[in-house]
Amino acid sequence: MSIHLIRDLESLHRDILSMCAMVEEMIHKAIDELGSPAHKLAVDLARKDDEIDRWDVRIEEECLKILALHQPVAIDLRRITSVLKITGELERVADLSVHIAERASSLVNHPGVVVPEKLKIMARLALDMLHRSIDAYVVLDSIMARQVCADDEHVDQLNREIIQELTGVMKSSPDLVEPALHLFSASRHVERIADHATNIAEDVVYLVEGAIIRHRSRPNGSRSP
């Protein structure tokens, strides 16, 4: 490997870690807002999301430059392709943080509505999955990545239970339909964060092992780790 390729890969690694840190901070703030909604945070996160979009474009341009100049092979090529996919997942997670903040801010006019405890649990788990998927990328740990994939089913189950609970609320209390719908959407956005964390983890497995594990399912229909 040439010294120029090493230098460019190191620069790319620093950039994606900076992007990761920003996205994690956005999700932290959005999830915290579920318990104390405020209009201002949604606006602030939307501004941050614009910055994430610029990071996404910048990193893609770096990857394409490295591919054109160095024509990497083996694990170096896998790293570039993995980074391209991971940045795309992170950009979508940033979008979701804005959506969650928007749904949470809509609860300001419904101070009596209580956020389901299961939604808080699911949010913490999804955030933890995202953090561990990024850690797995940093340390090139495919075992950690596979555990993230396995945890996705737990989030899916919590989401199903929350939706069932909120559907019951809407049927029994028509005056709570609007806030329940906001919570319904927030739950779905949180579930999508776990999906993107899983996708990142799958990219890490590909990076480390060279194995593509997307779309593999167990007999019960869930993803295989």
Checklist outcome for this item: For the range 135-184, the count of residues that are under 16 Å from the mean Cα position of the chain (by Cα) and more than 25 Å from Ile86 (Cβ to Cβ) equals 0
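Going through the range 1-20 one residue at a time, which ones are out of contact with any Asp or Glu (no Cβ under 8 Å at 6 or more places or on another chain) and surrounded by fewer than 17 Cβ atoms within 10 Å (Cβ to Cβ)?
In the first step, residues of the range 1-20 are kept if they are out of contact with any Asp or Glu (no Cβ under 8 Å at 6 or more places or on another chain); the result is 2-4, 6-7, 10, 13-14, 16-18, 20.
Those that are out of contact with any Asp or Glu (no Cβ under 8 Å at 6 or more places or on another chain) and surrounded by fewer than 17 Cβ atoms within 10 Å (Cβ to Cβ): Ser2, Ile3, His4, Ile6, Arg7, Glu10, His13, Arg14, Leu17, Ser18.
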Checklist entry - Could you count how many residues in the range 38-58 are farther than 20 Å from Ser105 by Cβ and not acidic (Asp, Glu)? => result 4
Checklist entry - Does any residue of the range 141-153 turn out to be among the small types (Gly, Ala, Ser) and touching a strand residue (DSSP E or B) at 6+ places or on another chain (Cβ under 9 Å)? => result yes
Item to check | Any chance Val23 is surrounded by 15 or more Cβ atoms within 10 Å (Cβ to Cβ), in contact with a Gly (Cβ under 8 Å, 6 or more places away or on another chain) and of a type outside the set (D, E, K, R) | outcome: no
Checklist outcome for this item: Among (1) at pLDDT below 90; (2) farther than 27 Å from Met122 by Cα, Asp76 falls short only on (1)
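Suppose we filter the range 47-59 for residues that are over 15 Å from the mean Cα position of the chain (by Cα) and surrounded by 15 or more Cβ atoms within 10 Å (Cβ to Cβ); how many remain? Before you say what the answer is, go through the steps one by one.
Taking the range 47-59 as the starting set, the residues that turn out to be over 15 Å from the mean Cα position of the chain (by Cα) are 47-48, 50-51, 54-55, 57-59.
Checking which are surrounded by 15 or more Cβ atoms within 10 Å (Cβ to Cβ) leaves us with 48, 55, 59.
So the count comes out to 3.
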Item to check | Tally of residues being in contact (Cβ under 8 Å) with a residue 40 or more places away in the chain, in a helix (DSSP H, G or I) and of a type outside the set (D, E, K, R) across the range 42-79 | outcome: 11
Checklist entry - Out of curiosity, is Asp44 surrounded by fewer than 17 Cβ atoms within 10 Å (Cβ to Cβ), at pLDDT 95 or above, charged (D, E, K, R) and out of contact with any Phe, Trp or Tyr (no Cβ under 7 Å at 6 or more places or on another chain)? => result no
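Would you say Asp95 is in a helix (DSSP H, G or I), over 17 Å from Ile16 (Cβ atoms) and modelled with pLDDT of 95 or more? Show your work before the answer.
Details: in a helix (DSSP H, G or I): yes; over 17 Å from Ile16 (Cβ atoms): yes; modelled with pLDDT of 95 or more: yes.
Judged against the criteria, Asp95 is a match.
The values are calculated or read from the model by the stated rules, or taken from the named source; none is laboratory data. Keep in mind it's a predicted model, so treat the numbers as computed, not measured. Here the Cβ is made from the backbone with ideal geometry for all residues, glycine too, and neighbour counts use every protein chain on show.
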